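Every read-out reported here was derived from the displayed coordinates using simple, explicitly stated rules and does not represent laboratory data. Note that the structure is predicted; figures quoted are calculated from it, not measured. Here the Cβ positions follow ideal geometry from the backbone for every residue, glycine too, while neighbour counts run over all protein chains shown.
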Amino acid sequence: MRFVLRMAARELRASWRRLLFFFLCVAIGVGAIVALRSVIQTVRAGLVREARSIIASDVLIQTNRGWTPDLRAEVDRRLADADVLDRTESIETATMVRAEQGRVARMVELRGVEPAFPFYGTLVLRGGQPYSHALVRGRGALVGPELLVQLGIQGGDRIVIGGQPFEVRGIIEQEPGRRVGAFSFGARVLVDLEDLLSTGLLSYGSRASHQILLRVREPAVAALTRRLREDLRDRFVSTRSYQALEDDIGEDLQRAENYLSLVGFVIVVLGGIGVWSVTRVFVRQKIRSVAILKCVGATTRQVLATYVVQVALLGLAGSGLGVALAWLGVASIPASVTAAFGGAAYGLTASAVVQGLLVGLLVSLLFALVPLLEVRRVRPLLLLRGGESGLGAGTPDRTPGWGLGSWLRRIDYVQAGTGVAVTAALVLVASWQAASLRAGGLVSLGFAGVALVLSGAAWAVVRVVRPLSATPWFPLRHAVLSLRRPGNQTRVILLAVGLGSFFVLGVRALQQNLMAEFALELDQRGADMFLIDIQRDQVAGVRQILRERGGEGGAAARLVPVLRARVTAVRGREVNLESYADVRGRGSLAREYTITYRAGLEANETITAGAIWNSEAPLPAAGVQEVSIEQSIHERFDINVGDTMRFDVLGRSLEARVTSVRRVEWEDSRSGGFMFVFRPGALSEAPHSFIGFLRGPADAIDRARLQHALVERYPNISAIDGRDILARIQSIVDNVMLAISIVGGVAFFGGVLILVGAVAMTKFQRVYEAAILRTLGAGTRLLTLMIAIEYCALGLLAGLIGAAGALALSWAVSRHLFDIPWEPTPVLLGAGTILTAALVGTIGVLASLDVLRRKPLGTLRAE
Amino acid sequence: MIELRGVSRTVPSGSGTLTILHPLDLVIPAGRVVAITGPSGSGKSTLLGLIAGLDAPSQGRIVIDGTDITVLGEDGLAKLRGAKIGFVFQFFHLLPSLTAFENVLVPMEIAGGRGGARRADGLLAEVGLTDRRHHYPSQLSGGEQQRVAIARALANDPPILLADEPTGNLDSATGHQVIELLLNVNRTRRTTLVLVTHDPELAALADMTVSLRDGRVVQADERLALADP
C-alpha cells in the first residue's frame, strides 16, 4: 500500500498537467451540483423556519362560508377536550380601498384580527413602531407600504373600507408569512375584526376566509389537526397545521431541488465523459511505464491501484475546486435575485458540499475505471520490442476468426462486467440525485441508448466510408483512412461528442419547453379587469357604471353568475358514489367548484358528447336540473352523459342529470372556463353573486376612476386590475425563467468546454502520423484539410445522433416527468448539429496546430 | 540455476503458425556469465524474455532456482522477477516521471522492504551517479540512463541479472563502461549474468556462449547442455 501511495504521488507530480483537464471536468460538474443544491436548500430552510409564522399559529381552522351557530358550537365542543392553549379568530377578504380625499381605488387583502394575533412571528412596522392591537382598535388600520404610493397618502391619513373611514396608524414593513415575490391580490391592510364586521363588506356569498387560529401544546398538534380535518370536512371546513404547510412547501422545493440536481448530475456526466477520454489517452501514454513496473516486480493489482489512487486524488481535488467555484458562484448571485426568492442570504450548505464531493469522487472513479482496466492487458514483454507501444503487444495468443465463438472468446469479461457494474452505479447515482428511480432511469436509459447508437454508428461508418478510401483526392483519401485505420479514434470521438451534444441539446430543448410553459404574455385583446362579489341587486347598477365610465370595453363587459358547489354524490353507469364520503375517495372531485348557469356555449367550448340544452324547451320535471361537465371530469372520474350528480350549493342539495360533455380550450380563457355549467332555471333563483370580465380603459387614470366609482357605490365589490396582477405574475415568471436559464447556461458551457477537451485529447494519436506525413512532403494546408475533413465528418454524425437523442429525451421528460406540453425544437437541434460539426472540426484543427507548426523531427524523437 | 526443458515459442501468423524458437534444452549454472548471440530475428530476445517470465513458452518448462515458472500466473511471475531477476534493456526503460533515485527505489518499494533509500543511494554510488540522483531520465545521457537501469536491476539483490543488448544503444566508450560495470557485478556479487548481444567483443568476455539462428541453437558451450533428468 505504501508503494501504491508513493507511486501515485510521484506520478501525479509528473503528469498533473496532462490530467489538468480531468480535474477541470470534475470541478465544473461538482460546482454545478453544489451551487444548485445549496441555493435551494437555503431557500427551503428559510421557508420552513417561516412555516409557523405563515399561519401565525400552530393550527388553523378555516371556512369560506362563515361560522354558522351550529358549526361554531361543534368546533367549540371539539376544541374543549383538546390541548388548546389559546385561540383567536380572524377574517381575510380581498376588497377595494380608496383614500378618503382621493379618487383612486385599489384592491387590497384585508384582514381583521383580534388582540391575540399573531401567536407566532412578529409584525414589523416602519420606524421601529411596536405592534399592539391597540393600534387598530377603533377604526385604525395598518397598511402595506405599496398602498401609500398607490393611493398617494401617508401615515395618519384616512382610507375608506366598505364605506367606512379608517385611520392609517402604521406601515407594515414585514408581516409573518408574507413573502416578497409571492402572489397576492394587493397590499395588506390590517384592521380590528369587530371593525371589519361592522363595515358590512361580508354580504352573502362573499369571498372571505373565516379563520380560527389555535395555539396548541406541541405533541397534540398532529393528532388534533387530523381529527378536526376528518370530522369537519363534510362541513366544508379545512384544517391545517404548520407541520403540513412545512411539508407542502418542502415537497415543492424538494421537486425543484431534485430537478436541478438532475441537471447538475447531467453536467457531472458530461464531466465524466471528459474524465473517460482523458483517462483513455493517459493510459495509452503510460503503457511503457506500466510494463516497466511489471517488469521490476509490481503485480497488476498494485499497478491498477496506483492509477486508481491517482484518479481518486484528482477527483477529490477537482471536487474541492468545484466547491470553491460553487462558493464563488453563489456569492455572486445578485441581490435582486436573492430578494425574489425569499430574501435569504445564500451560502453553501454542508449537505450539498458533502454530496458534491461524493458525486465528484464517484463519477471520477466510475468513468476512469473502464479505461484504467486496460493496464491489466499490458505485458512487460513489449519492452523487448524496441520501445514500440500499443496494447496487445505480448498478449496471449488469440485465434483470429469471425465466428460468434471467437468473438465471445475475444470479449474481456472483466472489462465488460465492470462496464455493466459502472452503468448500474451511474443509474443509482442519477436516481439518488433526482431522488427518483424513474427520473434517474430515464436519463441513464437515454445515456445508454445514445451510447449504443453511437457505437453502432462508429461500426457502420468505418465500413460505409471504405469505398471512399480509393478516391484520388489525397486529403479525403487520408481522412477516410484515418477514420478506419487500426486504433482509429472514430468510436471515441463519436461517443464523447455524441453524448455531449445529446445532453447539452437535451437540456436546452427541455429548457425551451419549460420556458414555453411558463411564458406568459399580457393578452392584448382579452379582459384585463375583473369584478368579484357583485350581488344580484347590484348587477344593473354595475352595468350602468361600466357603460358610463368603462368606454367600449365597459359596454361590452360580461357579468357571469357564479355559485360555489361541491359534488356530494354520483349515480352513474360506471361510478356510484353514494355519499360525500365516497366522493372524497375520488380525490379532487371533492373540492369546492365554482359553477355557473347559462343558455349556451362560449366561444372556447365544444361539445364532445350529448347535446347542450335548448333553452327554449320547457324545463324538465321539477327537482332534476341539467348540467354540462368538462371533458377532464368525464375522463378522470368516469362520469358520463345520463348520469345523475348531487351537488351541495351553499348548503342546499341539488340533483342534476349530465346532458353533455364539453371541451374547454383553457389556453383561450378570455371567455372563462367552468367545470360544471347548469341550465338556467332553479339556480337562477338561488342566492348568488356575479363576476365581471371587461377590457378596462387604456388610460391608467380612467381605470382608477372606474374602480373608484364602483367602490364608492358598492363597497363590497372588488375590482381587480389584471394589469397589476399580470405584471406581478410576469415578474415571478421572469425570475423562474432566469433561474432555468442560468442552470441551462451552466450546462451548456460546461458541456462545450468538456467537448473541446475530449476532442483535443485525441490529438495525441495524430501527432506521430502527421509528423511522418510532413517528412514525406505534406504541406500544412494539406494536413489541415485532412484533419478538418475527418473531424467535421465525425462531428456532424455525432451531432445528428446527439440531436435525435435530445429530441427523444426532451419529449420523454416533458411528457412523462414534468407533465407539460411538448414541442419539437427543430431550429435549436438543427443549429446544434451544425454547430457541433463546426466546433469539432475547429477544435480538431486547433488542437493539432502545434503538430502542424512543430518541426517533425521533434515529434518523431519524442515518440 | 536456470533450467529450460523442451522450450519453444510459436505465434499465430496469417493462416498458420510461425515458430520463433524451436524446442531447446539449456542449463545455466549459477554465478556464470552467459552470452546469447546470433543475427537479428534469430530468437535471442525471445529466449531472454522467456527466462524472465516476460513471455510464456508455447511448450516446455522453465525452472529458476527450483521454481517452475511456466505454471505461475502474471502476478506470481511479477513477484518472482521482483525477488530473483534483474533486467537491463537496450532502450533503458526508466520511468520518465521519476528521478534516478526514485527509479532505483521502486523495486524495493514494490517488494515492501525497509531501508530502501539508503540502499538506493549506495547503488547509485556504486554506478557512479551520486550527484545525478535527483535528475530525471530526460536529463541524463544514454550511458547514465543505462547505469541507473543497472542500479535498478540490482535493487533487490537478485541472483540473476538479464541484459538485452545492454550496449546496443551506446557509443563504444560508454558501452565499455557499462560492460565493465556488469562484469563487476558478477564478480563481486556472484550474480548469474545472461546477456543478449551481437557484439562479438562483449560475447568474448562471457564464460560461455549460445548461438542462435532462425530459432535454433547452432552452437553452445557444452557446459550448458542439459544433464539427463
| query | Using a Förster distance of 60 Å, how high is the FRET efficiency between A:LEU358 and A:ALA603, based on the Cβ-Cβ distance and rounded to 0.05? | reply | 0.60
| query | Taking the mean number of other Cβ atoms within 10 Å as a proxy for protection, how do you rank B:93-106, B:123-136 from highest to lowest? | reply | B:93-106, B:123-136
| Extension gain, A:GLU616 back to A:THR122 (0.36 nm per residue minus Cα-Cα distance, nm) | 171.9 nm
| note | The answer for the net charge of residues other than B:ARG5 whose Cβ lies under 10 angstrom from its Cβ, with Lys and Arg +1 and Asp and Glu -1, is -2
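Calculate the mean, over all residues of peptide B:95-103, of how many other protein chain Cβ atoms lie within 10 angstrom of the residue's Cβ.
5
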| field | Rounded FRET efficiency, nearest 0.05, which uses the C-beta distance separating A:SER351 from B:HIS176 and R0 of 56 Å | value | 0.25
| note | Summed over the other residues with a beta carbon less than 12 angstrom from that of A:ALA116, with K and R at +1 and D and E at -1, the charge totals -1
| message | I want the local charge near A:THR300. Using Cβ-Cβ distances under 15 Å, sum +1 for each Lys or Arg and -1 for each Asp or Glu among the other residues. | response | +4
| message | Please compute, for the alpha-carbon atoms of the stretch B:15-123, the extent along each of the three principal axes and give them in descending order in Å. | response | 49, 33, 30
| remark: So for R0 = 41 Å, FRET eff. of A:ALA581-A:ARG547 from the Cβ-Cβ r, to 0.05, ends up at 0.25
| query | Roughly how many debye, to the nearest 20, is the charge dipole of the stretch B:190-229 about its Cα centre, given +1 on each Lys and Arg Cβ, -1 on each Asp and Glu Cβ, and no other charges? | reply | 100
| Gain in length, A:GLU592 to A:LEU773, computed as 0.36 nm per residue apart minus the alpha-carbon separation, to one decimal in nm? | 57.2 nm
| said: So if each residue of separation counts as 0.36 nm, and I subtract the Cα-Cα distance between A:THR644 and A:VAL420, what length gain in nm does that give? | reply: 74.9 nm
| note | Simple SL model, points at 7 angstrom along Cα→Cβ for A:SER684 and B:THR67; separation in nm is 10.7
